[in-house]
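Okay, structure first, notes after.
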Amino acid sequence: MKHDFDLIHLHEAKTARQLAQASFNLFGKSITNLAFFLTLRPGEFELPSFSSDPAMQKYFDIYISGGHKYDIWMRRGPISPNVRAIRHSDHTPLHILKRSLFFKKIIGVTGCSYGASVMAWRENTWLATLTVFRTFEQGDFTDEDMARLRELQGHFESAVKRVAELHESKQGNHSLEVFIWGLPTAAIVLSWDLEVLHFN
């Protein structure tokens, strides 16, 4: 594969921010784009969303905080663990998109006209979506572009699962530590190898 260095960085990501940056770098060198938007499942990650263009972050924050109710792409597109990559114009033609509140309030104001997304799932649980945006001048995504996105999706999903597990483990350890310190008597938690994990 051409971008081995970027793939290594993606699989080394330990935080949502590192995951976002590594994903933007890898996908950005492979797919023509205006910007990328990474949406993450609340509770599984420390931050809910990232934009590759800081100027667009405010619009994506609006989307996350409530504007997603206008998301015609999500309503019209198939959503299931069997769907890993989608070209949004296959389900929402441009003339329909441009009439929507989603376009008028979120997408259109950023200069975007076309989108394609790759999703990460853990069994039946959605974890993350990375959406690639393009302007009208850049054109819609070709079949070759979609094949490339599907090729990269496996790496993206693997990295997302790893970061989610690291975050959950960190949250679990923190909760256990708080619980141990709150006990009224002395307590100790040992690993299977009898190593001390927590004590008060």
Spin-label model distance (nm) - Leu166 vs Asp140, 7 Å beyond Cα toward Cβ: 3.8 nm
What list of ³J(HN,Hα) values in whole Hz, one per residue of region 126-131 in order, does the Karplus curve 6.51 cos²θ - 1.76 cosθ + 1.60 (θ = phi - 60°) give from phi, with Gly and Pro shown as x? 6, 10, 7, 9, 10, 10
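Going down the list Lys58/Lys161; Lys98/Lys161; Lys69/Lys98; Lys29/Lys105, which pairs span over 25 Å between their C-alpha atoms?
As for pairs spanning more than 25 Å Cα to Cα, those are Lys58/Lys161; Lys98/Lys161; Lys29/Lys105.
Once R0 is set to 30 Å, what does the formula 1/(1 + (r/R0)^6) return for the Cβ-Cβ distance between Ser158 and Asn124, expressed as a FRET efficiency to the nearest 0.05?
So the FRET efficiency works out to roughly 0.95.
Taken together, the values in this text are just the output of simple stated rules run on the coordinates, not laboratory data. Worth saying up front: this structure is predicted, and the values here are computed from it rather than measured. Here Cβ is always computed from backbone atoms with ideal geometry, including for glycine, and neighbour counts include all displayed protein chains.
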